[in-house]
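Peer 1: The structure's right below; bear with me while I get my questions together.
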Amino acid sequence: MEELIKEIKTNIIEVLNLEDMTPEDIENDAPLFGEGLGLDSIDVLELIVMMEKEYGIKLKNPAEGKEIFKSINVMAQYISDHRTK
Amino acid sequence: MYFLADNIISPLGNTTEQNYRAVEAGRSALRHYPAADAAVLGGCPAETFPKDNVSSEPYVAARFSAEQFHDIEINGLTRFEALAARSARQAIDQAGIDVSAPNVVFVLSTTKANIDNLRTGEEPDETFIPSVAAEHIATYLGFTTKPLVVCNACISGVAAIITTKRLLDAGFFDHAVVCGADVLGRFFLSGFQSLKALSPDECRPFDIERIGLNLGEAAATIVFSTSRSRFRVECGAIRNDAFHISSPSKNGEGAYLALQAIQAETFHDDLSFINAHGTATMFNDQMEAVAISRAGLSDVPVNGLKGFFGHTMGAAGILETIMSKEALDHGQILATRGFEETGTSVTLNLASVNRTASNKRFIKMISGFGGGNAAVLVHREDEEGISFAKIDHSECKINTLHHIIVNSHTVTLDQEPITCHDCGQNLLVELYKQNIRDYPKFYKMDPLCRLGLVASDLLLQAESDIPQAVIIFNHSSSSQADRSFWATVSDPNESFPSPAHFVYTLPNIVAGEIAMRHGIHGETSFYILPDRDEHFINKIVNSICREKDFVNALVGWIDYPDDEHYLADLSYINKA
């Protein structure tokens, strides 16, 4: 799980262009949206693309994304339960 | 400015009359299309796509059939160009004007023109750039003046009408052929799919069960003139939300301000109806309802036409204005197909079926990516002999208060060079780190927006008064973002269309980003020209400055063809 968490953080930094951030800067249980990393609605959609591209998980509805992308911990759990690649 | 002639070519018909009759009878152009086989889509050049099947997911859209496109074809022109040219030709013939005269201008409203001509990793091919398409069309039609492309995302059509009115009112031209068009290819479909904005069923504007929009293809043309006729564009306004580049403002700020601006210009209590944008996305329709209510217009009948034509993008503002003008002429308010039950937080007077009406004015409103909103007021003049205030053709005096030039090697602010070490795209990062630092969104932007953001920030650091409007011109449109997005789509094995790349393929986003950064709620406009023609640019800027409420603006050229040849040349101007 540790490894997956680090990998998810690295992927997020890359796809969302979070310049000047390192995986260590992102806390595992901090919210990703709102006051956390300050991500917006396009970032949610971009993370949905990342889920499919990297882990083979298809999310139909952006509203589902909001739940899954609550924090790095929630994301990691969801990915390890549902990944197809 | 008066309507002289018009035309609509859509899957419902090839004339305004045919389209009006179809919609009046409740006929829709929306159809269900199945998903294409992924192997068929992967990496295929656009022209080999099966014409009716370019999506990896099933979808609903208003598309021309293969037979209809066959009838539209013109030798030497692309599908997009031929469609626009046929519509423009019909309207020109009807108007009986000579388009080779120097007092006639061609204005093209489009979002992506020939975008499916785009290739990655090959020899430069400029035919996907909208101004190149505009030149092909204008030459075919016989124009001798240079064409103007209004590329303001979904509001392009109404923005083109407003721009044209100003040019005619200023006396720069006597007639204008304003044509809006877009065709559907894989670029558009995959982009809107990545934004999860498409409805899998026929769209339901303003309805409680609406879940998204349907795309449509069409061309629509209006020939405008300074000579008197029965229908007149009384006034229009463009305003920005300054909220988000792809989500409308929660309180409908820009749309409300646009409605307020046209009411302030000329208030009438004899509005027949408001033709809304009504895309049937959750956020757009809610935003419009709030804006209409804030403007005190909740009692005015409202309709939306996307259930008949889909969202025809660059054509939408013009097509829907023509349909509304026809409805006014027929004493009707057309039905909002797909609407049954109110699905917005404020209740509007929505026309769910055709109604009769006798009033003489309507408002066309529209909103789009980049935070832009626009509205125009159209009037049917039945009374003979009404005289209007004589139009003042004198040019207005403009002061340039500050000026900046940023190119790939040098930066000059008010004629003083700014020291920098990097060049190319790294120069923009250096400028950001040196002068801005507190706006990490910079890193998410495409090169055109990075250039615009850095240049406008430096310029406005020299000025405490935030400008009211942002008016940008260029040649290369959003070519860098177009290529980046296409790269995420066209890989035969790994097609994952990127929503973040797609939004930047609308070049007006640069004006929207600047408006958002500085809280500018006035006009944001983006124009694409065949070349950097200062004379033409000055005419457009001058015509904007003649507006009664104009105070100051950030205007200029922002072009990013590649990392070596980019240029931002911006001025902060005010009315003398």
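The values are calculated or read from the model by the stated rules, or taken from the named source; none is laboratory data. Quick caveat, the model's predicted, so the values are computed rather than measured. FYI the Cβ positions are ideal-geometry reconstructions off the backbone, even for glycines, and counts take in every protein chain you see. Just so you know, the surface numbers come from the protein's heavy atoms only, side chains and all, with ligands and any DNA or RNA stripped out. Shrake-Rupley method; radii C 1.70, N 1.55, O 1.52, S 1.80 Å.
Peer 1: Taking the range A:22-70 as the search range and keeping residues that are away from every other protein chain (no Cβ under 13 Å) and aromatic (Phe, Trp, Tyr), which one is least open to solvent (accessible area, probe 1.4 Å)?
Peer 2: Pass one, the range A:22-70, residues away from every other protein chain (no Cβ under 13 Å): A:22-24, A:26-36, A:67-70.
Next, from what is left, pick out any that are aromatic (Phe, Trp, Tyr): A:33, A:69.
Numbers: A:Phe33: 36, A:Phe69: 1 Å².
Going through the qualifying residues, I end up with A:Phe69.
Peer 1: If B:Tyr33 passes every condition in (1) touching a strand residue (DSSP E or B) at 6+ places or on another chain (Cβ under 8 Å); (2) modelled with pLDDT of 95 or more but one, which one does it miss?
Peer 2: So the condition that B:Tyr33 fails would be (2).
Peer 1: Report, by residue number, each residue of the range B:273-303 that is buried (at least 24 other Cβ atoms within 10 Å of the Cβ), closer than 29 Å to B:His330 by Cβ and of a type in the set (Ser, Thr, Tyr).
Peer 2: B:Thr279 - this is the single residue of the range B:273-303 that is buried (at least 24 other Cβ atoms within 10 Å of the Cβ), closer than 29 Å to B:His330 by Cβ and of a type in the set (Ser, Thr, Tyr).
Peer 1: Let me confirm something: among B:Ala487, B:Ala455, which residue is surrounded by 15 or more Cβ atoms within 10 Å (Cβ to Cβ), not assigned by TED's automatic domain parsing to the domain that holds B:Ile115 and not in a loop (DSSP other than H, G, I, E, B)?
Peer 2: Of B:Ala487, B:Ala455, the one residue that is surrounded by 15 or more Cβ atoms within 10 Å (Cβ to Cβ), not assigned by TED's automatic domain parsing to the domain that holds B:Ile115 and not in a loop (DSSP other than H, G, I, E, B) is B:Ala455.
Peer 1: Let me ask something else. B:Cys449 passes all but one of (1) in contact (Cβ under 8 Å) with a residue 12 or more places away in the chain; (2) in contact with an Asp or Glu (Cβ under 6 Å, 6 or more places away or on another chain); (3) over 25 Å from B:Ala197 (Cβ atoms); which number fails?
Peer 2: Only one criterion is unmet by B:Cys449, namely (3).
Peer 1: Only one of these conditions is not met by B:Pro447: (1) touching a Phe, Trp or Tyr at 6+ places or on another chain (Cβ under 7 Å); (2) farther than 22 Å from B:Ser477 by Cα; (3) open to solvent by 20 Å² or more (accessible area, probe 1.4 Å). Which number is it?
Peer 2: (2)
Peer 1: Which residues, counting only those in the range B:303-317, are part of a helix (DSSP H, G or I) and within 17 Å of B:Thr221 (Cα to Cα)?
Peer 2: Passing the criteria: B:Phe309, B:Met313, B:Gly314, B:Ala315, B:Ala316, B:Gly317.
Peer 1: Scanning for something farther than 26 Å from A:Val44 by Cα, among the basic types (Lys, Arg) and either free of Cβ contacts under 8 Å to residues at least 60 places away in the same chain or crowded, with 24+ Cβ neighbours inside 10 Å (or both), does the range B:526-534 turn up at least one residue? Break it down stepwise before answering.
Peer 2: Filtering the range B:526-534 down to residues farther than 26 Å from A:Val44 by Cα leaves B:526-534.
Now drop any that are not among the basic types (Lys, Arg), which leaves B:532.
From the residues that got through so far, the ones that are either free of Cβ contacts under 8 Å to residues at least 60 places away in the same chain or crowded, with 24+ Cβ neighbours inside 10 Å (or both) too are B:532.
Yes, some residue in the range B:526-534 is farther than 26 Å from A:Val44 by Cα, among the basic types (Lys, Arg) and either free of Cβ contacts under 8 Å to residues at least 60 places away in the same chain or crowded, with 24+ Cβ neighbours inside 10 Å (or both).
Peer 1: Find the residue count for the range B:483-537, including only residues that are away from every other protein chain (no Cβ under 14 Å) and among the hydrophobic types (A, V, I, L, M, F, W, C).
Peer 2: Result for the range B:483-537: 11.
Peer 1: Would you pick out the residues in the range B:3-28 that are more than 20 Å from B:Ser225 (Cα to Cα) and charged (D, E, K, R)?
Peer 2: B:Glu17, B:Arg21, B:Glu24, B:Arg27
Peer 1: Kindly indicate which of B:Asn426, B:Asn435 is within 21 Å of B:Ile520 (Cα to Cα) and over 30 Å from the mean Cα position of the chain (by Cα).
Peer 2: Going through B:Asn426, B:Asn435 in turn, the sole match is B:Asn435.
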